[in-house]
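The values are calculated or read from the model by the stated rules, or taken from the named source; none is laboratory data. Since this is a predicted model, take the numbers as computed values, not measurements. No Cβ is skipped: glycine too gets one built from the backbone with ideal geometry, and neighbour counts run over all protein chains shown. What goes into the accessible areas is simple: the full protein's heavy atoms, side chains included, and nothing from ligands, DNA or RNA. Shrake-Rupley method; radii C 1.70, N 1.55, O 1.52, S 1.80 Å.
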Amino acid sequence: MDALFGPLTRIYLSLLLALLGATLSQSWAAGSQAEGQSVAPVVFEELGPASGVDFVLRNSATPRKYQIEPMIAGVALFDYDNDGYLDIYLVNGAEIPALEKTGPLYFNRLYRNQGNGTFRDVTLAAGVQGQGYSMAAGAADYDNDGWQDLYVAGVNRNQLFRNNGDGTFSDVAAKAGVAGIHPQFGKTWSVAAGWFDYDNDGRLDLFVANYVVWDFDKDPFCGWEHTQVRIYCHPSYFEPLPNLLYRNNGDGTFTDVSAESGIGHYVGKGMGVAFADYDDDGDMDVFVANDKARSLLFRNDGKGVFTERAIPAGVAYNGDGRMLSCMGVDFRDIDNDGRPDLFITALTNETFPYYHNEGGGIFDDFTRRSELARLSITMSGWSNGIYDLNNDGWKDLFSANSYIEDIDHIITNYPYRQRNAVFANRGGRFVDHSSGAGAGFQTAGAHRGCAFGDLDNDGRVDVVATRFDEPARIFRNVSPASQHWLLVELVGARSNRDGIGAKLVLESSGGVQHNHVTTSVGYGGSSDRRVHFGLGPDESVKRLEIRWPSGIRQHLRDVPANQVLRVEEPIPANARPEARTRRP
């Protein structure tokens, strides 16, 4: 009886919410169209087979509906060969039940950007085809040697690919101590991973977000037993897991500090992880988006210990006190007030939460007042990001959309394949620009991961997205080039070489903008570490301030627009000799 009561209750609620969602969508449609006319265009051109990217995401779906099947997979954009162009790494599944990549169809794939709009598959030469049932990727230079490395998280295997600097990588996860082995649960089902320097020692540390306790013998029957029709189970059928924090020792190894840092004291069903200094105390904090469990906000005290603050901060639940099916998350300043906000994806009828940072460690749910509630109520989002897609000086929102085959999908006929969405920012309120975002945005798909970065260095942020059983999608941003921009690449010296965690404040005639360096964006993805600013009509930047993780503040003035600006961290003249020695 208990097994039946839960699904029936959800059916009734789903029908009610579906009717409400349809009513709201109809009543607000006209207003949305009218508002969209005053926003600068956001237009993408989808690159097809001629790009050379022929990757197909394969989750090895079975009639048994194992819980791991709908959860993959991410994408990373990073410059692995230091030629100035972002390359594409796409994560893939494996054969079920072996959970092994038994052939090329299941390989993770690395595509080298050739600088002319095309990409070349260099997977085998680089040695990054991967092992096991992979979920996510996180790129960063963890050893400060000037070459971007790659961490791949998965169900039964986590791998750390160290970049050898010659076009090849070596898996050093076991030697480095970051294989994702928990002392109680063994190898955990890892869904996301991100790099940040939590102790500001100049070395990047690794955070691994874990989902639920799962194995083939722990996957229950969900569906209708009398017909043997199966569906994917609700997350409530599975036990939550703690996350993992690895401290970088600086010698190629890491120490698991999950317990002593406080991170491991809390369990959840982690989907997305993002980093920002939300309280402006100089230390990077962590937000974990959980699936049908309250989300977690770990405040960094600067002494190696984190305090979980999601409930008092107002981000554990939405403004109605509900736990959502949170998936992707980005953590950066949406409205240019200098405080990083949270944008999260969720399922149909839950809306995509936007938590506005009020200062003082408090957030307010702005999902309704920003118009995002009515715009996203009929959508189901996976990966996402906060980027200025039309270079007008306001960061826009992107979501990679698709539903999941569960009771709601079957009973209410929510579309499984959905279009991706662009929500253009009009001074803190949003309009749905998806219909005008190009022909590719009118095509629905079973989208999952996505990552953001300027693939062709033209100052416009591009997007790469994965989808089940179809080629990955490359959306080249072709929004009007009349708007100006600045792309900032930081090189740390005392800080970590990638400059992850650095805060940037830009002032131009159009106003002041804030951003910070991070690669951990969305769901299972890793985005361009370079910081992008749209400048609108401004042809130069009056002032650019960089607040490095080391505490050093650097000021640049009268910076011309429309360039990739490489900035190295200055070393104070009175620094110790060893501190003045710049890393390679």
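In the neighborhood of residue 54, defined by Cβ-to-Cβ distances under 15 Å, what is the net charge if each Lys or Arg adds +1 and each Asp or Glu adds -1? Please report the intermediate quantities before stating the final value.
Values: positive: 58, 109, 112, 120, 467, 473; negative: 46, 121, 469, 470.
With Lys, Arg at +1 and Asp, Glu at -1, the net is +2.
Can you pull the percent of Cα pairs in the chain with separation above 48 Å?
5 percent
If packing is taken as the average count of other Cβ atoms within 10 Å, what order do 389-400, 112-123 fall into, highest mean first?
Highest mean packing first, the order is 389-400, 112-123.
Got a number for carbon plus sulfur as a percent of the chain's accessible area, 1.4 Å probe?
The value for the chain is 51 percent carbon and sulfur by accessible area.
Size of the dipole of the chain about the Cα centre, Lys and Arg at +1 and Asp and Glu at -1 on the beta carbon, nothing else charged, in debye to 20?
Approximately 400 debye in magnitude.
In the structure displayed, which of 65/218; 269/395; 101/218; 269/503 lie more than 19 Å apart, Cα to Cα? Working shown, then result.
Details: 65/218 13 Å; 269/395 29 Å; 101/218 22 Å; 269/503 30 Å.
Violating the 19 Å Cα-Cα cut-off are 269/395; 101/218; 269/503.
Which is farthest toward the positive dipole end of the chain among 514, 486, 353, measuring Cα position about the Cα centre, with Cβ charges +1 (Lys, Arg) and -1 (Asp, Glu)?
It is 353, whose Cα lies furthest towards the positive end.
Quick one: if the Förster radius is 45 Å, what FRET efficiency do residue 100 and residue 568 give, using the C-beta to C-beta distance and rounding to 0.05?
Here the calculated transfer efficiency is 0.55.
Give the accessible surface of the chain per residue, rounded to a whole number of Å², with probe radius 1.4 Å and ligands, DNA and RNA excluded. Walk me through the numbers on the way to the answer.
Values: 20710 Å² over 584 residues.
Solvent-accessible surface per residue comes out at 35 Å².
Packing-wise, with mean Cβ within 10 Å as the measure, how do 197-205, 168-176 rank, highest first?
Numbers: 197-205: 21.6, 168-176: 17.0.
So the order, starting with the most tightly packed, is 197-205, 168-176.
Counting only other residues whose beta carbon sits under 13 Å from that of residue 166, what net charge do I get with K and R as +1, D and E as -1?
After counting each charged neighbour, the total is -1.
Are there cysteines in the chain with no other Cys C-beta under 4.7 Å, and if so, which?
Lacking a cysteine Cβ partner under 4.7 Å: 326, 450.
Points 7 angstrom from Cα along the Cβ direction at residue 216 and residue 429: gap in nanometres?
A separation of 5.5 nm, rounded to one decimal place.
Sum up the charges of everything whose Cβ sits under 11 Å from the Cβ of residue 465, counting Lys and Arg as +1 and Asp and Glu as -1, but leave residue 465 out. Don't jump to the answer; show the numbers that get you there.
Details: positive: 448, 467, 473; negative: 46, 462, 470.
Counting the neighbours of residue 465, the net charge comes to 0.
Shape verdict for the stretch 99-160, please, from the Cα gyration tensor: rounded (a/c under 1.5), prolate (a/b greater than b/c) or oblate.
oblate
In whole Å, what is the distance between the alpha-carbon centres of the stretch 496-542 and the stretch 76-102?
Taking the Cα centre of the stretch 76-102 as reference, the centre of the stretch 496-542 is 25 Å away.
Would you please classify the overall shape of the stretch 507-574 from the alpha carbon gyration tensor, given that a ≥ b ≥ c denote the square roots of the eigenvalues, rounded means a/c under 1.5, and beyond that prolate means a/b larger than b/c while oblate covers the rest?
Taking the square roots of the gyration eigenvalues as a ≥ b ≥ c, the stretch 507-574 is oblate.
How would you order 335-346, 148-159, 437-448 from highest to lowest mean count of nearby Cβ atoms within 10 Å? It would help to have the intermediate numbers written out before the result.
Details: 335-346: 24.0, 148-159: 25.8, 437-448: 19.6.
In decreasing order of mean packing, 335-346, 148-159, 437-448 become 148-159, 335-346, 437-448.
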